[in-house]
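For reference, the structure is listed below as structure tokens.
Derivation of every value follows stated rules applied to the coordinates shown; laboratory data play no part. Since we're looking at a predicted model, the values are computed, not measured. Glycine also receives a Cβ, built like all others from the backbone with ideal geometry; neighbour counts cover every protein chain displayed.
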Amino acid sequence: MNIRHAHEADLSVIVAIYNAAIPSRQATADLEPVSVHSRRAWFQGRCSQRPIWVIELEGIVVGWLSFKSFYGRPAYDSTAEISIYLAPYVHRCGLGSQLLAQAIKESPNLEIKTLVGFIFAHNKGSLNLFVKYGFQQWGYLPQVAELDGVERDLIIMGLRI
């Protein structure tokens, strides 16, 4: 297992892993697959303080974590939103834990004092993972998303580093 900074050559795998999460309606509010082209600016817009990491098994990228600036205003510069996506065949193998632990450990080096995650209330696996690492529920947004005709709640999980 290896965690490293993502390279542009990883973008197609990052997008494929993301797209694999869409049908489950557990981890993203996108309803249709995204293209590599549509995600290129997102990828290129990252900086050293808000990286994208990939996790590899035997040299194959099987998941990723991204840090995103929170709310886009200077007063929030020390807060980052994190997202984790894993290929379906490695769910429940501990790789999400590896990525989240690394994110927490490296946050001070990235000048991050607060991490937040936005997780659907019905995504019990992700909620349990974040709680395991000390995140607490900081917000609850009822029925803010509609997935296949079902209104879904969003939970904001937070951790002060």
**OP:** Note the full-extension length gain between W138 and I156 as 0.36 nm times their separation in residues minus their Cα-Cα distance, in nm to one decimal.
**Re:** 5.9 nm
Original post:
Using unit Cβ charges (K, R positive; D, E negative) and no other charged atoms, how large, in debye to the nearest 20, is the dipole of the chain about its Cα centre?
Top reply: 380 debye
Subject >> Estimated 222 nm signal from helices in the chain, with DSSP H stretches of n ≥ 4 weighted -39500 (n - 2.57), rounded to 500 >> reply: -7500 deg cm²/dmol
Original post:
Mind checking which of L95, L141, L127 has the largest fluctuation in a GNM of the chain, springs on alpha carbons under 10 Å?
Top reply: L141
Original post:
What ratio of Cα Rg to 2.2 N^0.38 Å holds for the chain?
Top reply: 0.99
**OP:** Could you sort 20-28, 148-156 so that the peptide with the highest average Cβ count within 10 Å comes first and the rest follow in order?
**Re:** 20-28, 148-156
Subject >> Estimated FRET transfer efficiency when R0 is 25 angstrom, pair R40-A20 (beta carbons, to 0.05) >> reply: 0.85
Original post:
Where in the stretch 114-150 does the amide nitrogen come within less than 11 Å of the point 7 Å from the Cα of R92, taken along Cα to Cβ?
Top reply: 125
Subject >> A121/Q49 FRET efficiency (R0 30 Å; Cβ-Cβ; nearest 0.05) >> reply: 0.50
Original post:
Which semi-axis lengths, in whole Å and largest first, follow from the square roots of five times the eigenvalues of the Cα gyration tensor of the stretch 63-146?
Top reply: 21, 18, 11
Original post:
What is the Cα centroid distance between the stretch 99-161 and the stretch 1-64, reported in whole angstrom?
Top reply: 18 Å
Original post:
Hey, how much of the P(r) for the stretch 1-72 falls beyond 21 Å, as a percent of Cα pairs?
Top reply: 27 percent
Original post:
In nm, to one decimal, how far is the modelled label at Y76 from the one at T114, with both set 7 Å along Cα→Cβ?
Top reply: 0.9 nm
